[in-house]
1. Which Cα, out of Ser10, Ala32, Ala45, lies furthest along the positive dipole direction of region 8-130 (beta carbon charges, K/R +1, D/E -1)?
2. Which percent of the accessible heavy-atom area of the chain goes to carbon and sulfur, probe 1.4 angstrom?
3. Give me the percent relative contact order of the chain, please, defined on Cα pairs under 8 angstrom at least 6 residues apart.
4. Give me Rg over Rh for region 182-314, both radii from the alpha carbons and Rh done the Kirkwood way, two decimal places.
5. May I ask you to order 183-190, 136-143 by the average number of other C-beta atoms within 10 Å around their residues, highest value first?
6. Quickly estimate the mean residue ellipticity at 222 nm for the chain, helices only: each DSSP H run with n ≥ 4 gives -39500 (n - 2.57), and the total goes over all residues, rounded to 500.
7. What does the extension gain come out to for Arg301 and Ala8, with contour length at 0.36 nm per residue minus their alpha carbon separation?
8. Between Asp133 and Leu291, what length in nm is gained on full extension when 0.36 nm per residue of separation is reduced by their alpha carbon distance?
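The values are calculated or read from the model by the stated rules, or taken from the named source; none is laboratory data. What you see is a predicted model, and the numbers here were worked out from it, not measured in a lab. Because the Cβ atoms are built from the backbone with ideal geometry, glycine has one as well, and the counts that use them run over all protein chains shown. These accessible areas exclude ligands, DNA and RNA; they are computed on the full protein's heavy atoms, side chains included. Shrake-Rupley method; radii C 1.70, N 1.55, O 1.52, S 1.80 Å.
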Amino acid sequence: MQIFHCPACSEQVWFHNHHCPNGHALHFDPDAQAMVQGSDCERRAAIGCNWSAHTEQGPLCRSCAMTAVIPDPEVEGAESRLARTEAAKRWVLAGLHRWGWFGPSDAGPAPRFELVADRTRHGPEDITMGHADGVITLDVAESSRAVQEERRERLDEEYRTMIGHLRHELAHYLFLRLSTDDPAFPDGFRSLFGDERADYGEALKAHYANPRPAGDTHITSYATAHPHEDWAETVAHLLHLTDLVDSGHAVALAPGGDAYAEPDAQALIERAADFAMRVNHVNRALDLPDLYPFVLSDPVRDKLTFAHDALRRTG
C-alpha cells in the first residue's frame with residue numbers, strides 16, 4: 001500500500017486514516033488512488049469507512065456498495081467485526097483498482113459480498129465461506145485475531161487472515177471474469193493448473209480425507225485439492241507479494257519502483273522473495289514468525305507469472 005498526503009495541507013497520512021494530523025477530513029478515491037476532499041460514505045459513522053461516496057453508488061462508496069448483506073447490528077460485537085472486515089475489503093479492492101479492476105474502465109460486473117456472522121440473536125450458525133456465481137460469503141468472526149489463530153491451529157494453515165480470505169475468494173470471482181472476457185484464458189489456465197471441469201465436490205472430499213503436501217508444484221497444500229483452489233491460492237499469494245513489495249517500497253525499505261506498474265512478473269516475484277527473506281531474518285531476531293513462510297519453486301513461479309499477466313490490465 002502507498003503512503004498518502006492530505007489534500008488540504010499535504011501532511012503524510014495512511015490508508016486507514018479519517019483525518020490528517022491537522023484535523024482535515026480525509027476521503028480515499030480509488031480512481032485517483034489519493035486522499036481527496038470528497039463526500040462521506042453513508043457507512044462512515046457506522047463502520048469507519050473513509051472512502052468517498054461515488055455518484056453512481058448514491059450515498060455509498062464503491063466498496064460499501066458491493067456489500068449486499070451485513071450481520072445483525074443488534075448482536076454484540078457484530079458491528080466492530082464488520083468494520084474490521086470492511087477495512088480489509090477496502091485494502092484489497094484498492095490494490096485491484098491499480099490493475100484496472102472494478103473502476104470506471106471495467107465494463108464487467110462487480111462482485112457482491114455477503115458479510116455474515118456465526119453468532120446471531122437466535123443462536124450460533126454454521127457459515128460456509130466461499131464464492132458462488134459472483135457472490136462472496138465471509139464470516140466476520142475471522143476479523144478477530146483470536147478466532148484466526150484458533151482456526152489456523154485447528155486447520156493447520158500457516159497463513160490465515162481476513163485479507164487472505166478476501167484475496168482468495170476474489171480470485172475465484174476473477175476466474176469467472178477472465179474466462180468470459182478472454183477466449184484464450186481457459187486453455188492457458190489448463191496447461192498450468194489442470195482442468196477445472198473436474199468434479200469439485202469429490203476433489204474437496206478427497207483432499208480433506210487425505211491432504212497432500214504442497215510439494216514443488218503448489219503454493220499450499222490446499223492448492224492441491226482442485227485447479228480452482230490452485231488458482232485461488234496462487235492469485236492470493238500474487239496479491240500478497242505485490243502488496244508486500246509495494247508497501248516496502250512506500251517506506252523506502254524495498255528497492256525498485258511501483259510494484260503494480262511492474263510488467264515483468266518474474267522481476268516482481270524476485271523483488272518480493274528477496275524482501276521477504278530480509279524481513280524474515282529481522283523477525284527471527286525478535287523470535288517472531290516469518291513474515292512470508294513460503295518457498296516459491298519454479299513451477300509455482302510459472303503459475304504466479306500466468307496469473308500476473310492475466311490480471312494486470314493496466315499499461
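1. After comparing all options, I get Ser10.
2. The computed percentage sits at 52.
3. Value for the chain: 12 percent.
4. Result: Rg/Rh = 1.01.
5. On the way: 183-190: 13.2, 136-143: 22.5.
Final packing ranking: 136-143, 183-190.
6. Rounded to the nearest 500, it is -14000 deg cm²/dmol.
7. Numbers: separation 293, 0.36 × 293 = 105.48 nm, distance 4.30 nm.
Between Arg301 and Ala8, full extension yields an extra 101.2 nm.
8. In short, 53.6 nm is gained.
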